[in-house]
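A quick write-up on the structure given underneath.
The values are calculated or read from the model by the stated rules, or taken from the named source; none is laboratory data. Remember, predicted model here, so these are calculated numbers, not experimental data. For neighbour counting, all protein chains shown are included, and Cβ atoms are generated from backbone atoms with ideal geometry for every residue, glycine included.
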Amino acid sequence: MNNLIYIDIETSGDNNLEALYLANIKANGTLKDPEKIAADIATKTAEAKSKMCVDKDMSAIRMIGIRTDGEYKKMTLVEFCEFTQGLTLEHKFVTYNGLKFDFPVIIRNIVKQELNCNSLVLKSTISRSHPNHIDLMDTLCGYGEWKSLDLMAQVYLGTAKEPIDFLTCSDEELTKHNQIDLEILEQLYQKFSKFI
């Protein structure tokens with residue numbers, strides 16, 4: 001196996017935490033009409049469920065995609081933990097926003113599910129200065145600046161991704177989206193690798 005491992009996760013809200021996250025949703029206090037109250041609560045609930053998907057503590061992992069040696073693999077968190085057992089610090093992860101999202105979410109979900117993973121390898125992924133994790137967003141955009149992978153693909157690769165509704169998409173659609181993200185990630189890394 002090549003030492004470079006491109007990784008991207010797809011998340012949803014953690015169903016086990018939904019009641020906790022939605023517990024404090026209330027209608028606007030100025031509303032009196034029961035239909036408007038119900039509509040306001042429904043809107044706020046939908047917004048909250050969408051936010052759960054990107055909340056590091058309230059999200060669950062739908063899939064982890066990896067790309068290495070030009071091959072794509074879709075994994076569950078359990079399969080990913082098994083995969084990490086064969087890794088050393090010689091392997092390098094390449095992500096887009098992996099420092100602030102992908103790996104913190106992976107680690108939090110490992111802790112929530114009490115799974116065994118190669119903690120030596122995973123611990124190094126959340127350190128900005130560790131050489132075995134290259135976060136292209138952090139490298140290309142700079143600390144604290146956010147630009148989407150889609151925008152970077154349009155600017156540097158001349159390609160745009162198809163939009164996807166993460167809350168309603170099928171597993172097949174999500175897998176295709178994840179696979180395309182990893183192809184884009186690899187192409188961006190190859191374009192910038194001599195400067196990193």
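Looking only at residues of the range 89-102 that are touching a Leu at 6+ places or on another chain (Cβ under 9 Å) and in a loop (DSSP other than H, G, I, E, B), we find that the one that is nearest to ILE196 (Cα to Cα) is TYR96. For the range 146-196, a tally of residues being more than 16 Å from GLY65 (Cα to Cα) and assigned to a loop (DSSP other than H, G, I, E, B) returns 15.
Yes/no per residue for (1) over 15 Å from the mean Cα position of the chain (by Cα); (2) over 23 Å from SER127 (Cα atoms); (3) modelled with pLDDT under 95:
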{"position": "ALA23", "(1), (2), (3)": "yes, yes, yes"}
{"position": "ASN28", "(1), (2), (3)": "yes, yes, yes"}
{"position": "ASP57", "(1), (2), (3)": "no, no, no"}
{"position": "ASP69", "(1), (2), (3)": "yes, yes, yes"}
{"position": "LYS92", "(1), (2), (3)": "yes, no, yes"}
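Count of the range 33-80 residues, restricted to those that are surrounded by 15 or more Cβ atoms within 10 Å (Cβ to Cβ), among the hydrophobic types (A, V, I, L, M, F, W, C) and in a loop (DSSP other than H, G, I, E, B), is 2.
Does THR125 satisfy the condition of being within 18 Å of the chain's Cα centre (by Cα) and either under 21 Å from GLN187 (Cβ atoms) or at pLDDT 95 or above (or both)? So THR125 fails the test. Looking only at residues of the range 21-32 that are aliphatic (A, V, I, L, M) and surrounded by 12 or more Cβ atoms within 10 Å (Cβ to Cβ), we find that the one that is nearest to MET58 (Cα to Cα) is LEU22. One residue is enough: does the range 145-164 have a residue meeting the conditions farther than 21 Å from ILE184 by Cα and out of contact with any Leu (no Cβ under 8 Å at 6 or more places or on another chain)? No, that holds for no residue. A count restricted to the range 103-145 and to residues that are in a helix (DSSP H, G or I), of a type in the set (Ser, Thr, Tyr) and loosely packed, with under 14 Cβ neighbours inside 10 Å stands at 1.
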